[in-house]
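First comes the structure, then the notes that go with it.
Just so you know, all these numbers are worked out from the coordinates, no wet-lab data involved. Since we're looking at a predicted model, the values are computed, not measured. Here the Cβ positions follow ideal geometry from the backbone for every residue, glycine too, while neighbour counts run over all protein chains shown.
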Number of protein chains: 2
Amino acid sequence: MEKSLKRMATMQRMQVTGLELFYKNGYYNTSVDDILKELSLSKGAFYYHFESKEDFFIQIIQNLVVRKVYSMLIEPIEGHENTLDLITNCFENALETAVHNELDYGFVLSNFINEFNGKNPEIMKYLNDILKIWEVNLVSAVQKGKFNGYIDRHVDSEGVALYLISSFIGIRTLMVETAPSARKYRFMTQLRQYFKALENKEHISHN
Amino acid sequence: MEKSLKRMATMQRMQVTGLELFYKNGYYNTSVDDILKELSLSKGAFYYHFESKEDFFIQIIQNLVVRKVYSMLIEPIEGHENTLDLITNCFENALETAVHNELDYGFVLSNFINEFNGKNPEIMKYLNDILKIWEVNLVSAVQKGKFNGYIDRHVDSEGVALYLISSFIGIRTLMVETAPSARKYRFMTQLRQYFKALENKEHISHN
DNA sequence: CTTTTTACCGACTAGATGGTTGGTAGTTTT
DNA sequence: AAAACTACCAACCATCTAGTCGGTAAAAAG
């Protein structure tokens, strides 16, 4: 609560614009000057508020990306309904924002992971943390599904979580340039096919 | 056949080293000088053989990447055995080379796609072409599987191909930094689960 | 043997980039 | 009202990068 309103407002503006440009052009292809030009601010302002470009980026991850991943990918699957339905809807919504070219934070995450993978361990640490949070929450969702009788007890929860994240990361990559809407539809259909293989066949449906 | 042996040998050396470095550090994070230092060659040599860095990269894609994608991801699924088994083995092998940190060309491809996606249309054209070839061949493999009675006739071949490529791209991203061997195993198990949902249940097995 | 071509050298240029620094207008504190 | 601090400016620096260019040794062609 120590930081003045003005300070926080400026930092927020910088981070929002920074994320937009980093996402659109990549971290290494976006210069600090690009961001400042967009905001009509100067170099001095930037280095007054942030230590370095890298520090700036890490703060963006922690302030913007983490929270959005929570609200878009984690909270939606925490209910007590059928886990597979929850995940289906969650993916459906996330991919739908992607179709409309909005910031889909699941992809923001995997996009940056791709850019820094094996290249910048410092930043990867933060990105892997978020990924881990997503993974852990998917695992417990699947376990809950098994406990509640929606999912076959023999499925490997960790495996399912990994497979889901993999396919999500992949489809988002493929949706960037070519036929996003059609690909989303095809993807969702196959996801449902996959889920059929995980269902508990003895479960008494209430439909 | 006009080009001299010396010329071709040097160009080949440059391309092999170039691909290695581009793959390891990314295209934009690898300078022409980096490649030349590795080969103890000079700027003059580089621009004598290639028009530009971009031209150089495109030649790498067409000479090295395309061929490897064919031999690693397309030819292995062209047999007449059970399509789902062929794909399973193909993915298994591709991911195994990945575990040993060798150049896995499926990932080389998706790695570059990630780097240029929405940023360099000229290069993306070439990358999307290769992706398309892979996709088309997966589609016909699935169709063959339906025709031969291994795969349920109601499955959407294009959807399956897309889902397979998505999950492959995704798992390769996730295998770069964390527990590649364990993740490969988990992934393959889930892939088999998915394939169970595609199998033709009326097919008379010969096992 | 002379001329031309091939394959390569390495100094140089122009532009970009991350980061530094001395300065200053406006606000807050004393 | 003086002192101190906040938020920002803009010129500057060192470094890196793609690409250029004049030159040259060795091989091939004439």
task: In debye, nearest 20, what is the charge dipole magnitude of the protein assembly as shown about its Cα centre with +1 on Lys and Arg Cβ and -1 on Asp and Glu Cβ, if you could check?
output: 280 debye
The range A:1-104, relative contact order [Cα under 8 Å, separation at least 6], %: 19 percent
- request: Kindly give the distances from B:Asn101 to its copy-mates, label point to label point, with each label point 7 Å from Cα along Cα→Cβ, as nm values to one decimal ordered shortest first.
  value: 4.1
- request: Specify the longest stretch of chain A that does not include any exposed loop site, a site being one of the trypsin sites (Lys or Arg not before Pro) with a non-H, G, I, E, B DSSP assignment and at most 12 other Cβ atoms within 10 Å.
  value: A:4-152
message: What FRET efficiency comes out for A:Ser181 versus A:Ala45 if R0 is 60 angstrom and r is the Cβ-Cβ distance? Round to the nearest 0.05.
response: 0.90
- prompt: If one puts a single equal scatterer on every Cα of the range B:1-103 and applies the Debye formula without solvent, what log₁₀ I(q)/I(0) results at q = 0.14, 0.15, 0.18, 0.25 Å⁻¹?
  reply: -0.66, -0.73, -0.90, -1.33
query: Between the range B:129-207 and the range B:52-69, what is the C-alpha centre distance in whole Å?
result: 27 Å
message: Between B:Asn29 and A:Glu92, what is the label-point separation in nm under the 7 Å Cα-to-beta-carbon projection?
response: 3.9 nm
- line: Measuring from the longest principal axis of the C-alpha atoms of chain A, the long axis of helix A:157-175 (C-alpha) lies at a number of degrees, nearest 10, equal to 60 degrees
field: Selected from B:His154, B:Gln143, B:His100, residue furthest toward positive end of dipole (the range B:53-198; charges at beta carbon)
entry: B:His154
statement: With +1 on the Cβ of every Lys and Arg and -1 on the Cβ of every Asp and Glu, the dipole magnitude of chain A about its Cα centre, in debye rounded to the nearest 20, is 200 debye
- request: Quick one: with label points 7 Å out along Cα→Cβ, list the inter-copy distances for B:Ile133 in nm, shortest first?
  value: 4.2
Size of chain B as Cα extents on the principal axes (Å, biggest first): 65, 41, 32
task: Just name one of A:His49, A:Gly18, A:Leu39: the one whose Cα is farthest towards the positive end of the charge dipole of the range A:1-50 (beta-carbon charges, Lys/Arg +1, Asp/Glu -1).
output: A:His49
Whichever lysines have a C-alpha closer than 30 Å to that of B:Lys6, once near sequence neighbours (fewer than 8 apart) are set aside: B:Lys24, B:Lys37, B:Lys43, B:Lys53, B:Lys68
- request: Along Cα→Cβ, 7 Å out, is where each label goes; now give me the distance between the ones at A:Asp129 and B:His154 in nm to one decimal.
  value: 4.7 nm
message: List the residues, sorted by chain then number, that are 5 or more residues from A:Glu199 or on another chain and whose placed amide H is less than 5 Å from its amide H.
response: A:Asp152
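Could you give the dipole magnitude of the range A:1-56 about its Cα centre, charging the beta-carbon of Lys and Arg +1 and that of Asp and Glu -1, in debye to the nearest 20?
So the magnitude is around 220 debye.
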message: Give the aspartates and glutamates reachable from B:Lys184 as a straight Cα distance under 16 Å; neighbours fewer than 8 places away on the same chain don't count.
response: A:Glu135, A:Asp156, A:Glu158, B:Glu92, B:Glu96, B:Glu102, B:Asp104
0 to 90° range, to nearest 10: angle between helix B:5-25 axis and chain B longest Cα axis: 60 degrees
message: Going 7 Å from Cα along the Cα-Cβ axis for the label, what nanometre distances separate A:Glu81 from the same residue across the other copies?
response: 4.3
message: Compute the angle between helix B:83-99 and the longest alpha-carbon principal axis of chain B, please, reported from 0 to 90 degrees and rounded to the nearest 10.
response: 40 degrees
message: Please list the three semi-axes, largest first and in whole Å, of the ellipsoid equivalent to the protein assembly as shown, using sqrt of 5 times the eigenvalues of its alpha carbon gyration tensor.
response: 37, 33, 16
